[in-house]
Amino acid sequence: MTSTAVVVTGTGMVTPAGVGVDETWKAVRDGRTLTGLTSRPADLNERHYLSVPAFGTDVLPGRGTAHLDPFIRYALVAVDQAIAESGLDPETWDGSRVGVVVGCGLGGVTTMSAAQTRLDTRGADTVSPYLHPRSLINMAAGTVAIRHRITGPSHTVAAACASGAVAIGVARDLLRAGTSDVVIACGTDAGVVPVVAAGFSAMGALSNSSAADASRPFSADRSGFVLSEGAGAVVMEREESARRRGAPDLGKILGYSYTTDAHHPVQPHPDGAGAEAAVRMALSDAGLVPRDVDHVNAHGTSTPHNDRIEGRLIRKLFSHDPSVTANKAVLGHSLGAAGAIEAVLALRTLTTGVVPPTAHTPAVDPELGGLNLVLGVERCEQPVVAVSNSLGFGGANCVLVMGM
């Protein structure tokens, strides 16, 4: 690795599988169908969502944290875990040399929806003065900074479902530029809210299956995603600094790229041109070629159009058939959090040699030409380089290349 290599020294996560990376990692390794999958109200029949289990002050201590919007709470929990694993101490670090980058697609929609209901039913005088501090999209980054004495750069990136991955890429660039010595990157979203579900339902993005295995990435009978929520976080440092202090080495961010389709508000480019460019540019950034890739963590939303384009792209670029998995089969689609969650899981695959299965998918869609999707049970490999794809509305294409 070069002197500009960036190492991940801490990770954290909260998902519908539970609080902590280990809980989520076990769920995706088992290909588990998570409990708590609940039908929406009658006007959204046969649509589903997955919620993060409730947690209290034992998980998230601190005055006032119980009243924050869930997207902020989830970020705080994931970041707390990542800092603890890194061995860094916010009480003693130089906060001016620490940065935070948060990716989020929606912001505080739970808070805003509740405020709108209160306004409509009880009048303007009943709307809380805390409405905006709890709902503005940059408040997760701001609250993380306050909690951990971070006075360096604080960025919020909004790239729809690619937001969490873009946050990691931007954090990597801050370290390479020498702007910060430590950067925390996090993806978070809490979109399990009726109005959000209704919008996705109206556009036909949610699964039309009423079964608990409704999310079936790359399956011929896939019909849409299961709406989810959560957060994933990483602590990142330059490799030489991490080694000097004996920090954990949880994998490296070798390459990053972000392109835009400029094609359609919600549909990816039909030939996957933007996503292909992102993969090629990220590999070039890492000094690698497609044949160097051992594993692909796919965006894999379980929507017919997205999976078709991504599956064909993987087959086109990686003709040597690296293993492929799609974590949304178990975890649902957590929107702006997904890219960060999946990056952490891809890092776990690199450190353990275990590729989790793509749950609920009985076989790969024949249209995808033999995609090497891990099915049924986990697969033991020794991958050295992994690619994680994240694609979002607005034509966002983000690719992270990770290695050991």
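The numbers here are math on the coordinates, done by the rules we state, and not lab data. In this text the structure is predicted, and so the values were computed from the model without any measurement. Note: ideal-geometry Cβ built from the backbone for every residue, glycine included; neighbour counts use all protein chains shown.
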* **Efficiency of FRET from Cβ geometry, Ala54 and Gln116, R₀ 22 Å, rounded to 0.05** => 0.40
* Asked: So how long is each side of the stretch 6-244 along the principal axes, counting just the alpha-carbon atoms, biggest first, in Å?
  -> 57, 51, 32
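Suppose we take every Cα in the chain and form the convex hull; what volume per residue is that in Å³? Working shown, then result.
Details: hull volume 51.4 nm³, N = 404.
Output value, Cα hull per residue: 127 Å³.
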* Starting with the highest mean, order 234-242, 378-386, 9-17 by the number of other Cβ atoms within 10 Å, averaged over the residues of each peptide. => 9-17, 234-242, 378-386
* Asked: If packing is taken as the mean number of other Cβ atoms within 10 Å per residue, what is the order of 50-60, 145-155, 169-179, highest first?
  -> 169-179, 145-155, 50-60
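I want to verify the translational diffusion coefficient of the stretch 255-403 in µm²/s; compute it with Stokes-Einstein, Rh as the Kirkwood radius over Cα pairs, at 25 °C and 0.890 mPa s. Please list the in-between numbers first.
Details: Rh = 15.0 Å.
For the chosen part, D equals 164 µm²/s.
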* Once you put a point 7 Å from the Cα of Asp173 and another 7 Å from the Cα of Ala211, both along the Cβ direction, what distance in nm separates them? -> 4.3 nm
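Restricting to the stretch 92-231, compute how many DSSP beta bridges are antiparallel as a %, nearest 5.
Details: 3 of 15 bridges.
Within the stretch 92-231, antiparallel bridges account for around 20 percent of the total.
Relative contact order, percent, of the chain when contacts are C-alpha pairs under 8 Å separated by at least 6 residues? All intermediate terms of the calculation are to be shown ahead of the outcome.
Numbers: 1068 pairs, mean separation 96.2, N = 404.
24 percent.
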* Asked: Which helices, taking whole DSSP H runs in the chain, have alpha carbons extending 18 angstrom or more along the helix axis plus mean Kyte-Doolittle at least -0.5?
  -> 70-86, 109-122, 163-176, 273-286, 338-352
* To do: Note down the nm distance, to one decimal, between modelled labels 7 Å out along Cα→Cβ at Val377 and at His67.
  => 5.2 nm
* Structure fact -> Of the residues Trp25, Ala141, Thr4, the Cα lying farthest along the dipole of the chain towards its positive end, which is defined by charges on the beta carbon of Lys, Arg, Asp and Glu, belongs to Ala141
* Structure fact -> Rounded to a whole number, the Stokes-Einstein D of the stretch 205-269 in µm²/s (Kirkwood radius over Cα pairs; 37 °C; 0.692 mPa s) is 198 µm²/s
* Asked: On full extension of the chain, what length is gained from Arg243 through Arg149, given 0.36 nm per residue of separation minus the C-alpha to C-alpha distance?
  -> 31.5 nm
* Asked: Where the only charges are on Cβ atoms (+1 Lys, Arg; -1 Asp, Glu), what is the dipole of the chain about its Cα centre, to the nearest 20 debye?
  -> 260 debye
* Asked: For the charge dipole of the chain, defined by +1 on Lys and Arg C-beta atoms and -1 on Asp and Glu C-beta atoms about the Cα centroid, which residue among Ala214, Val289, Leu254 has the Cα displaced farthest towards the positive pole?
  -> Leu254
* **Gain upon complete extension [Val127, Ala220; 0.36 nm per residue less C-alpha separation]** => 28.7 nm
